[in-house]
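The structure appears below as structure tokens.
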Amino acid sequence: MTSDLPVTIDDIRAAADRLAGLAVRTPLLESPLLNDRLGARLLVKAEPLQRTGSFKFRGAYNAIAQIPPAERARGVVGLSSGNHAQGVAHAAQLHGIPATIVMPTDAPAIKKANTQAYGAAVVEYDRYTQSREEIADALVRESGAHLIRPYDDVRIIAGQGTVGLEISQDCADRGIVPDLLLCNASGGGLIAGTAIAVTHVWPDLPIWAVEPEGFDDMARSLASGRRERVEPGARSICDALLQVIPGEITFPINKRLLAGGLAISDDEALAAMATAFEYFKLVVEPGGAAALAAALSGRIDIAGRTVVVVASGGNLDPEVFIRALAGDRRRNVAS
């Protein structure tokens, strides 16, 4: 039972009601050719097709929608490497309120440009020498704006949980009972909300967090039972998954509901991007492809099983996509 967690299935259902008619109900994609090649049934939840190109719109809209109308003129402040930034910017735009986003200087150009195109002001920082939290807190103190955190907020977790709600509903409609669910993890909001929703239907479903190598703080935290940090100097192409420690709110949820964590290499992420394009005609960014990479590269045994993978976002600069398609990295896919 998950009724004693800070986010419940009822919170997720309420978020779904707020998002109705706004968020895209993204499909569960399946390729018979890839299934044959893998010897497994693989279902991909295609969040690159979501509004703003990632799942982040769901949580951002759910959070902003709950700000009292009398307080909305103060605006909102977000902090993000790009996907949450766009989600907050667009959700604020839909509510007619100002938004300021704290973004790292090395965020993909397309994420920065889209954030500004949705009407938000961008404040840049160096992710390796400055604290985005300190910058955001200062902006909030100066303006009185509402801080919209990327994962450690029950409203955000509930909004992201609509991903899991849709997975469980769509599987039920198709008579599918999954054996395994793989989901990307950084701060842990998406996988926490998704886990709450799907375990309401399948209490014993094994759910695995997937992260880039060097940023496997969730996997190590789940193993140790306490929040672990990323070692200084870690680098990865998966810019959406570079949070250095699991969230204070999200980790207890994930500790309770997840089976464990897996880590994938940058090359495996690039290979998964190429496979997603070939078999699903889907453009996925490196961090968005991490869970798919774990399934394709043998990081976990999927043979003979029905596996749901969450592809969390598709916002990437063209050069990175070209790099993914240029090499024969698909040799990592089981054949």
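General observations
- For segment 153-180, the set of residues classified as among the acidic types (Asp, Glu), surrounded by fewer than 17 Cβ atoms within 10 Å (Cβ to Cβ) and part of a loop (DSSP other than H, G, I, E, B) consists of Asp179 only.
- Residue under evaluation Tyr128, criteria (1) part of a loop (DSSP other than H, G, I, E, B); (2) modelled with pLDDT of 95 or more, criterion not met: (2)
- Enumeration of residues in segment 95-134 that are farther than 25 Å from Pro286 by Cβ, surrounded by fewer than 16 Cβ atoms within 10 Å (Cβ to Cβ) and of a type in the set (A, V, I, L, M, F, W, C): Ala121
- Residue ID - farthest from Asp126 (Cα to Cα), chosen from residues in segment 83-113 that are in a strand (DSSP E or B) and out of contact with any Phe, Trp or Tyr (no Cβ under 7 Å at 6 or more places or on another chain): Ala99
- Residues located in segment 86-98, provided they are among the hydrophobic types (A, V, I, L, M, F, W, C), touching a Gly at 6+ places or on another chain (Cβ under 6 Å) and without any contact (Cβ under 8 Å) to a residue 60 or more places away in the chain: Ile97
- Screening Gly187 on (1) out of contact with any Pro (no Cβ under 9 Å at 6 or more places or on another chain); (2) in a loop (DSSP other than H, G, I, E, B) shows it passes everything except condition (1).
- Residue satisfying condition, being acidic (Asp, Glu) and either within 28 Å of Arg127 (Cβ to Cβ) or outside any helix (DSSP H, G or I) (or both), within set Asp10, Asp4, Asp36: Asp4
- The one condition from (1) touching a Cys at 6+ places or on another chain (Cβ under 9 Å); (2) surrounded by 24 or more Cβ atoms within 10 Å (Cβ to Cβ) that Ala185 does not meet is (1).
- The residue that is farthest from Leu258 (Cα to Cα), among those in segment 196-241 that are crowded, with 22+ Cβ neighbours inside 10 Å and at pLDDT below 95, is Asp239.
Here's the yes/no breakdown for (1) assigned to a strand (DSSP E or B); (2) touching a Pro at 6+ places or on another chain (Cβ under 7 Å); (3) in the same structural domain as Ile300 (by TED's automatic domain parsing); (4) at pLDDT 95 or above:
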residue: Ala14; (1), (2), (3), (4): no, no, yes, yes
residue: Arg18; (1), (2), (3), (4): no, no, yes, yes
residue: Thr26; (1), (2), (3), (4): no, no, yes, yes
residue: Leu42; (1), (2), (3), (4): yes, no, yes, yes
residue: Lys45; (1), (2), (3), (4): yes, no, yes, yes
residue: Ala63; (1), (2), (3), (4): no, no, no, yes
residue: Ile67; (1), (2), (3), (4): no, no, no, yes
residue: Ser81; (1), (2), (3), (4): no, yes, no, no
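- Those residues of segment 117-156 which are touching a strand residue (DSSP E or B) at 6+ places or on another chain (Cβ under 9 Å), within 30 Å of Ala195 (Cα to Cα) and not charged (D, E, K, R), in sequence order: Ser131, Ala136, His146, Leu147, Ile148, Pro150, Ile156
- Leu241 passes every criterion in (1) touching a Phe, Trp or Tyr at 6+ places or on another chain (Cβ under 8 Å); (2) among the hydrophobic types (A, V, I, L, M, F, W, C); (3) closer than 20 Å to Leu165 by Cβ apart from (3).
- Unique match (being under 16 Å from Val310 (Cα atoms) and either buried (at least 23 other Cβ atoms within 10 Å of the Cβ) or in contact (Cβ under 8 Å) with a residue 40 or more places away in the chain (or both)) among Gly247, Gly193: Gly193
The values are calculated or read from the model by the stated rules, or taken from the named source; none is laboratory data. Bear in mind the structure is a predicted one, so any value in this text is a computation, not a measurement. Every residue, glycine among them, receives a Cβ derived from its backbone with ideal geometry; neighbour counts consider all protein chains shown.
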